[in-house]
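In what follows, a single structure is set out as structure tokens and then discussed.
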Amino acid sequence: MTPEQTLTMSVQEYELLKEEDAGCLKKYRRRCMQEMHDKLSFGPKFEGVHDLDSGEAFLEVIEKEHYSTVVVVHIYKDGVKGCEELNNCLDCLATEYPTVKFCRIDAVASGAAERFSDEVLPTLLVYKAGELLGNFLSCTQHLNEEFFATDVEAFLNSYGLLPEKELPGEEDEDENDVE
């Protein structure tokens with residue numbers, strides 16, 4: 001082996017080590033950021049939309065939830081325009097905002113069907129620490145004829161009612177890295 005070959009191999013090895021170090025540093029930095037985010041993200045996490053079956057369950061979720069938790073309640077009625085679509089949108093949003101407790105209750109099951117007539121449905125109520133932050137009757141009037149979870153998200157965000165989204169996982173970022 002000539003000295004030139006040794007030098008060439010050393011440069012190649014150096015480049016490989018440099019790439020490995022950069023990758024390791026990126027993973028370490030990402031792990032530190034996730035750990036810091038987890039420490040700062042206190043409060044419970046939820047999976048999916050919770051179905052409430054009575055007025056008592058509705059009151060309980062508002063009064064007994066952790067003080068830092070945003071609770072979004074959808075009052076709906078089967079067959080009312082926009083209710084089914086909004087339920088589907090909340091199913092999507094519940095996966096993107098695990099620290100928000102999304103709930104739904106049928107207007108009849110709530111025991112307040114007379115207050116929640118078809119004209120004011122679908123209704124979204126937003127609470128935090130037992131306080132009503134948002135009361136949106138006939139909320140689909142504020143959305144396009146055809147709306148999606150991103151539209152509902154933008155609507156709630158326009159009132160500052162949703163927290164920041166969770167950080168993407170390591171797998172997501174690795175797929176987006178382009179060198």
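The values are calculated or read from the model by the stated rules, or taken from the named source; none is laboratory data. All figures in this text were calculated on a predicted structure; none of them were measured in a lab. A quick note on method: Cβ atoms are made from the backbone with ideal geometry, for glycine too, and the neighbour counts reach across all protein chains shown. Note: areas computed on protein heavy atoms with side chains; ligands, DNA, RNA excluded. Shrake-Rupley method; radii C 1.70, N 1.55, O 1.52, S 1.80 Å.
Can you give me the number of residues within segment 115-126 that are closer than 13 Å to LYS77 by Cα and buried (at least 18 other Cβ atoms within 10 Å of the Cβ)?
Quick first cut of segment 115-126, residues closer than 13 Å to LYS77 by Cα only: 115-124.
Next cut, buried (at least 18 other Cβ atoms within 10 Å of the Cβ) only: 116, 121-124.
Selection size over segment 115-126: 5.
Name the pairs: first residue in segment 147-160 and without any contact (Cβ under 8 Å) to a residue 60 or more places away in the chain, second residue open to solvent by less than 60 Å² (accessible area, probe 1.4 Å), Cβ to Cβ under 7 Å, at least 6 apart or on different chains?
PHE148/CYS89; PHE155/LEU143; TYR159/GLY134
Restricting to segment 127-161, give me the number of residues that are closer than 22 Å to SER68 by Cβ, assigned to a helix (DSSP H, G or I) and open to solvent by 80 Å² or more (accessible area, probe 1.4 Å).
The qualifying residues number 1.
Listed here are the residues, each with its yes/no results for (1) under 24 Å from ALA154 (Cα atoms); (2) among the polar types (S, T, N, Q).
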| residue | (1), (2) |
| --- | --- |
| MET33 | no, no |
| LYS45 | yes, no |
| SER54 | no, yes |
| VAL80 | yes, no |
| ASN87 | yes, yes |
| TYR97 | yes, no |
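In the list GLU170, GLU166, which residue meets the criterion of being modelled with pLDDT under 90 and touching a Lys or Arg at 6+ places or on another chain (Cβ under 7 Å)?
On the way: GLU166 fails: touching a Lys or Arg at 6+ places or on another chain (Cβ under 7 Å).
Result of the check over GLU170, GLU166: GLU170.
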